[in-house]
1. Which trypsin sites (Lys or Arg not before Pro) from segment 247-292 combine a DSSP loop assignment with at most 12 other Cβ atoms within 10 Å?
2. Just name one of V224, L45, Q178: the one whose Cα is farthest towards the positive end of the charge dipole of the chain (beta-carbon charges, Lys/Arg +1, Asp/Glu -1).
3. At 222 nm, what helix-only mean residue ellipticity would the chain give, in deg cm²/dmol to the nearest 500, using -39500 (n - 2.57) for each DSSP H run of four or more?
4. Which translational diffusion coefficient, to the nearest whole µm²/s, is obtained for segment 113-179 from the Stokes-Einstein equation, given a Kirkwood hydrodynamic radius over C-alpha pairs, 25 °C and 0.890 mPa s?
5. Just in segment 215-292: which chymotrypsin sites (Phe, Trp or Tyr not before Pro) are loop by DSSP and have at most 13 other Cβ atoms within 10 Å?
6. Grab the alpha carbons of segment 146-208, take their convex hull, and tell me the volume per residue in Å³.
7. With θ set to phi - 60° and the Karplus curve 6.51 cos²θ - 1.76 cosθ + 1.60, what are the ³J(HN,Hα) couplings of segment 315-328 in order, to the nearest whole Hz, using x for Gly and Pro?
8. What residues qualify as long-range amide H neighbours of S273, i.e. H under 5 Å apart, gap of 5 or more or another chain, H built at 1.01 Å from N?
Amino acid sequence: MYLSTSLLRSCVSRARGARPTTLAAAAARPLLSARQTRQSSHSPLGTPLANPRKKVTLGTLRALHKKGEPITMITAHDFPSAHVADHAGMDVILVGDSLAMVALGMEDTSEILLDEMLLHCKSVARATKGAFTVGDLPMGSYEISPEQALASAIRCIKEGRVQGVKLEGGKEMFATIQKITQAGIPVLGHIGLTPQRQNALGGFRVQGKTSNGAMKILEDALAVQEAGCFAVVVEAVPAEVASIITKKLSIPTIGIGAGNGCSGQVLVQVDMSGNFPPGRFLPKFVKKYGDVWSESLKAIETYRDEVKSRQYPAPEHTYPLPKDELDAFAKSVEQA
Ligand code: KIV
């Protein structure tokens with residue numbers, strides 16, 4: 001049971017023999033009212049949904065795909081961003097290694113470690129009640145051998161508490177994907193532009209812009225499907241190519257910068273919600289659905305101004321003290 005500091009103090013003063021009137025009043029009310037448990041500024045976010053939806057499973061995703069209903073996926077990097085995405089009814093929440101750059105300020109995604117990813121997976125998993133959760137295997141945690149990849153994937157499930165893992169690569173990852181899926185861990189593929197390999201690709205470049213390039217992506221897609229992926233992210237590929245690939249596959253494609261012919265879409269939450277300062281580079285495919293950064297800036301600036309001008313805190317933001325207690329306190333202070 002969690003006891004707030006102020007409640008602890010009041011319990012101690014009661015135990016030390018506070019005035020009988022106070023004791024009687026205290027005895028008349030329950031030790032921990034719902035209100036008291038919420039007194040900390042560290043209380044959990046919000047309340048659970050009034051009508052919680054059914055948990056999304058691989059079966060749900062298969063059914064959506066079969067119906068031709070687009071699968072919605074978004075990244076979340078911590079408890080609050082997962083909480084809001086889950087409330088918004090996203091089908092899949094991805095703890096993408098993009099968090100290295102957008103949440104941790106790293107140069108690129110190759111810097112992030114599996115242990116760091118696991119910390120973020122855990123916080124996202126705690127917030128997510130409805131969506132299917134997937135954690136990215138970071139660079140260095142799966143390329144050495146299928147055994148290494150399986151060990152990392154198992155950590156994502158057991159420690160990170162996500163339901164599946166994503167890894168980048170096509171044909172060359174066949175044995176690795178097989179190894180992980182055969183252990184009962186769902187794998188989401190990722191082909192086209194694979195950011196972990198940006199140094200080999202010559203940067204963040206659109207893939208499949210030639211007939212040969214497009215054919216290579218189709219071969220990669222078929223290979224990851226054959227190896228057991230439940231779906232595959234197709235990143236930065238011309239829309240027509242992604243559409244043809246989608247039609248050739250029996251598993252869903254999740255597009256990012258790959259047009260409207262994919263079976264679903266994924267975006268990085270920080271990008272689509274506008275949680276970045278003006279002037280930041282934004283890839284062409286991102287649609288900005290909000291202006292979270294400006295809203296936060298406005299709120300924090302107003303708070304700063306109100307603290308400076310003593311407008312905040314106002315009386316309604318303070319805790320009441322009975323007049324007789326205040327008078328007694330003032331008298332004690334005077335006497336002291
Ligand atoms: O890391 C990530 O966020 C991703 C998505 C962009 C697909 O891989």
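1. Working: sites: K247, K248, R280, K284, K287, K288; in loops: R280, K284, K287, K288.
Within segment 247-292, the qualifying trypsin sites (Lys or Arg not before Pro) (loop, at most 12 other Cβ atoms within 10 Å) are R280, K284, K287.
2. Projecting each Cα onto the dipole axis, the largest value belongs to L45.
3. -13000 deg cm²/dmol
4. On the way: Rh = 12.0 Å.
Once the numbers are plugged in, D ends up at 205 µm²/s.
5. Details: sites: F230, F281, F285, Y289; in loops: F230, F281, F285, Y289.
Those that pass, being in a loop and sparsely packed, are F281, Y289.
6. Numbers: hull volume 5.9 nm³, N = 63.
Taking the convex hull of the Cα positions in segment 146-208, it is 94 Å³ per residue.
7. So the Karplus estimates, Gly and Pro as x, are x, 5, 9, 10, 8, x, 10, x, 4, 5, 5, 5, 4, 5 Hz.
8. Close amide H contacts, sequence-distant or interchain: Y289.
Since every read-out is calculated from the coordinates, none of them should be taken as a lab result. Values in this document were obtained by computation on a predicted structure and should not be read as measured data. Counting neighbours? That spans all protein chains shown, and the Cβs are built from the backbone with ideal geometry, glycine included.
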